[in-house]
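Worksheet for the structure shown next.
Every read-out reported here was derived from the displayed coordinates using simple, explicitly stated rules and does not represent laboratory data. Source: prediction; values computed, not measured. We place every Cβ from the backbone using ideal geometry, glycine too, and count neighbours over all the protein chains shown.
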Amino acid sequence: MLNYLSTQRGSVQLLITLLPYVLKFLYKKIFSKLIGTEFSFIFVVAMISAFITEFVGIHFLVGAFTAGFVAKRFISDNVNDENYEHFSEHFGQQLMIGFWFFALIFTPFYFYSVGLNIKSSMFAFDTLIFAVLLCIVIVLFRIGIMSFHRIIRMKEKISTAIDINSMLIPTLVFTFVITEILLKQFHINDVIYSVLMLYGVFTTIIGTAFFLLAMRNKNLLNNTIETLKITEEKE
């Protein structure tokens, strides 16, 4: 397992190190002369990056994330480069917005593909109970630890710390990615796979509920304060 983790870490580090130079070289030699192809160029590089990470045994989302991180720096560097006059700041912003909308459209298909692997056997009573218990324990532990840190180090109020940390509860994508890696590389059994997948779903539901409850309490508090102010002004 340690050898596997070392190999994957080395692969990601190599990708992060080399990808900026590959982007810069290809764009300078080829694509800088083809104005209007920047979006397609970055998209193809992201696809290749995702394929490479999937090929070496890391989830393709890691490669896509790495490509996005590198592409952001690539766009910023080209905006400030006088050799590419057409690559203005406005053009760079349009590229970023374009990729944001692209991700917004196609992200649901990832969850759709995950949903295709869900089986009815995953919703067995004992699996659901274990997933719920795991979710409650981990969520309470995370909120407690992070809130304690914010209260002690950042001197925040307890309610504020809990509200902020409740927004950090959802781990849907992270859990799905880790679970798929464990299934493909370490061949975890169906029970563990089912529990982890359900845990990811439950954390999202609980996180959303915490957030809505916090916003509701905040609105009620603001309305109460406004009512008291109006009453005092009338008196």
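For the stretch 53-80, the residues whose amide N sits under 18 Å from a probe point set 7 Å from the Cα of VAL173 along the beta carbon direction are 53-54, 58-73. In order along the stretch 114-127, the phi-based Karplus estimate (6.51 cos²θ - 1.76 cosθ + 1.60, θ = phi - 60°) of 3J(HN,Hα) comes to 5, x, 5, 8, 6, 10, 5, 5, 5, 9, 5, 4, 5, 5 Hz; Gly and Pro are listed as x.
For the pair SER88 and LEU182 in one chain, pulling the backbone fully straight at 0.36 nm per residue adds 29.5 nm over the alpha carbon distance. Using a Förster distance of 22 angstrom, determine the FRET efficiency expected from the C-beta separation of THR107 and PHE141, and round it to 0.05. Efficiency, from the Cβ-Cβ distance: 0.15. Couplings for the stretch 59-68, taken from phi via the Karplus curve 6.51 cos²θ - 1.76 cosθ + 1.60 with θ = phi - 60°, read 4, 5, 5, 5, x, 5, 4, 4, 4, x Hz in order; Gly and Pro are left as x. Exposure proxy for LYS184, LYS119: other Cβ atoms within 10 Å of each Cβ, ordered fewest to most, give LYS119, LYS184.
The HN-Hα couplings worked out from phi for the stretch 161-170 by the Karplus form 6.51 cos²θ - 1.76 cosθ + 1.60 (θ = phi - 60°) are 4, 5, 4, 5, 6, 5, 6, 9, 5, x Hz, whole numbers, x standing for Gly and Pro. All other residues whose Cβ lies under 15 angstrom from that of ILE30 are scored, Lys and Arg at +1 and Asp and Glu at -1, for a net of +3.
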